[in-house]
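All remarks here apply to the structure that follows.
The values are calculated or read from the model by the stated rules, or taken from the named source; none is laboratory data. What you see is a predicted model, and the numbers here were worked out from it, not measured in a lab. With ideal geometry, Cβ positions are generated from the backbone for all residues, glycine too; neighbour counts draw on all protein chains shown.
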Amino acid sequence: MNHRRIPAVLLALALPAATLAVGSAESAGAAPPKKPTARGTGGAVSSVDPYATRVGLRVLRRGGNAVDAAVATAAALGVTEPYSAGIGGGGYFVVYDAKTGRVRTIDGRETAPRTMPRNAFIDPKTGEPYPFTPELVTSGVSVGTPGTPATWQRALDRWGSWSLAEALAPATRIAREGFRVDRTFRQQTLDNQERFEAFRSTKRLFLRGGDAPRVGSTFRNRDLARTYDLIARRGTDAFYEGRLARQIVRAVRKPPKTRSTTLPVPRGHLTTRDLKRYRTVDGRATQVAYRGYRVHGMPPSSSGGSTVGEALNILEGTNLRRLDRTAALHHYLEASALAFADRAEYVGDPRFTRVPLKHLLSQRFARERACLIDPARAMAKPTAAGNVRSYDGKCGAAPARAAAAEDTENVSTTNLTVVDRWGNVVEYTLTIEQTGGSGIVVPGRGFLLNNELTDFSTVYDADDPNRIQPGKRPRSSMSPTIVTKRGKPVLALGSPGGSTIITTVLQMLINRLDLGMSLPQAIAAPRAAQRNTANVTAEPAFLQRYGDALTAYGHTLVPAGDAFTSAAEIGAATAIGIRGRRLTAVAEPERRGGGAAGVVRPFRG
Ligand code: GLU
């Protein structure tokens, strides 16, 4: 990584300038223009939001590197996409360091409180598991110790050239001066109205005057600006210790409910000790070889790298390019189901459960799993996990046990991709889990707390790698991915979408590496997700185009969408393609209202 350590005194001088440069234009007038594709040189940023992408590009133009820009962009997303991500949540940061040629990771996932009992998700009144909605989703009991502020600091410490104060400055400005509300923001607020009305602090911030912010109005979050200022001045200790930490704990243990709400809102277990003891985890990316590339992903506690990697290994033996499109998609769906079966059986937080990562990513294991794919017929789902303890790469192996837990992850989160002029790459997925997280805004602090612990299995089973344990990280599906060829990065991508993150990333990789699509086409193409369940969820355009043909294979396709959102979409990806100095930044053309891609020096025309 290109360390451009700036002496403290220069930094202090530079700070007001940086603040000024990103200043008033951010708030006044129309929102920055957004484009789903941008081509050029000198660095690139892609995110779902035009303000955030602009912040990232300005950091790059001012000499910051990809990590500086990624942190600044993420901080801006905490302002403009507060229902998807922010300092009340967690995420996974993946970096290709141009200096060493290595891909390294930071696990900034939320942790379970140390006093969280194994039956935390069982209602003491009934002895039965809390219903997922609304009890678990809108609760203190699902709030994990946030990892995002610590992730930003850790990333800057390891690779950055800016201080956290510098990286937070542009976002603070946007929070203070406001941003233009778009349709997505209003709709997400309305989707959450009942939950947001349940908390005094949340209602005050997001439902001022009893209504969701109007499209085109300016939304300010001065509380969040003050919180960012505090962290800028006093560092992340001001978040993990002291008054703010105590306020977070209070909001979790005794949520600030409104009198009128009928939502039950179970209380949580977080303590100041949990916050004080929170640590990110440094790691190495997972790796698989695929069609001459190396695909680097996020290791556990995320299941992203292992599940995407295993599915690619399963597909490696089939030349998808030669198959017709439906046959190729059939293989994609089957490989995904098999990899999801193994994910459920084997993947959890490696500090609490032995994850057989080497076996899950072994080509021989994958060959044996691939034998189960009938090229003409969909297998019955759920299908059983493979046996990582005994495999020989040949067909005919006995499965382990059939296990397919109901998938309770929801569709939220945000993702960003940054490349700088030195060739460093950041792929970063961050979340507060559900759109709107737990629904609880920390009073007077301007940010929502996550409900990430809903990613644990609800019912305790001693054999389940994703069972609740104190201090543990719930299994994630986040899949920030960097692809290299001969040691050089060629592509970075990621997406939100709960467990469909895995299928979205997988599908985009296949679209690009196998099916001959350009990067913008690979992202725009209609999506479908097979997560080892009876049904394949699919976007309307996918159903229309491939529904009949895949039904003839025995797949059951149903429209995507969940109880919380009105959209029938899967994912909201960002990506950057790299060809020497030429960069193609890509965001969604349509999904979530379209994303924002930008480059430092655009090509003309
Ligand atoms: N909680 C999910 C995960 O870690 C991400 C949330 C989402 O994208 O909906 O996999």
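Would you mind listing the strands (runs of 3 or more DSSP E) fully within segment 523-605 where at least 1 residues are closer than 30 Å to THR53 by Cα and in contact with a Ser or Thr (Cβ under 7 Å, 6 or more places away or on another chain)?
574-579, 582-587, 596-602
Taking the conditions exactly as written (more than 19 Å from VAL59 (Cα to Cα) and either in contact (Cβ under 8 Å) with a residue 40 or more places away in the chain or β-branched (Val, Ile, Thr) (or both)), does LEU430 satisfy them or not?
So LEU430 fits the description; yes.
Residue-wise test of (1) at pLDDT below 95; (2) within 21 Å of the chain's Cα centre (by Cα).
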| residue | (1), (2) |
| --- | --- |
| LEU77 | no, yes |
| GLU81 | no, yes |
| ILE87 | no, yes |
| GLY101 | no, no |
| GLU110 | no, yes |
| THR133 | yes, no |
| GLY140 | no, no |
| THR145 | no, yes |
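Hey, can you tell me all the residues within segment 485-498 that are more than 11 Å from the ligand (Cβ to nearest atom) and either touching a residue at least 40 places away in the same chain (Cβ under 8 Å) or farther than 21 Å from GLY580 by Cα (or both)?
Residues satisfying the conditions are LYS485, GLY487, LYS488, PRO489, VAL490, LEU491, ALA492, LEU493.
Which residue out of ILE482, ILE501 is more than 16 Å from the ligand (Cβ to nearest atom) and either within 17 Å of the chain's Cα centre (by Cα) or within 19 Å of TYR92 (Cα to Cα) (or both)?
ILE482
Which one is farthest from ALA38 (Cα to Cα) among residues in segment 504-532 that are within 16 Å of the ligand (Cβ to nearest atom) and in contact with a Phe, Trp or Tyr (Cβ under 8 Å, 6 or more places away or on another chain)?
Selected residue: ASN532.
In segment 440-451, what residues are within 15 Å of the ligand (Cβ to nearest atom) and over 18 Å from THR429 (Cβ atoms)?
If the condition is that a residue be within 15 Å of the ligand (Cβ to nearest atom) and over 18 Å from THR429 (Cβ atoms), then LEU449 is the only one that fits.
Kindly indicate whether GLY86 is touching a residue at least 40 places away in the same chain (Cβ under 8 Å) and crowded, with 24+ Cβ neighbours inside 10 Å.
When the stated conditions are applied, GLY86 passes them.
Tally the residues that are among the hydrophobic types (A, V, I, L, M, F, W, C), under 22 Å from THR105 (Cα atoms) and part of a helix (DSSP H, G or I), restricting the search to segment 149-193.
Residues that pass the stated criteria total 8.
Restricting segment 110-148 to residues that are part of a loop (DSSP other than H, G, I, E, B) and of a type in the set (S, T, N, Q), which is nearest to THR271 (Cα to Cα)?
THR115
Tell me, which residue of segment 452-465 that is more than 10 Å from the ligand (Cβ to nearest atom) and either free of Cβ contacts under 8 Å to residues at least 60 places away in the same chain or surrounded by 24 or more Cβ atoms within 10 Å (Cβ to Cβ) (or both) is farthest from ILE570 (Cα to Cα)?
ALA462
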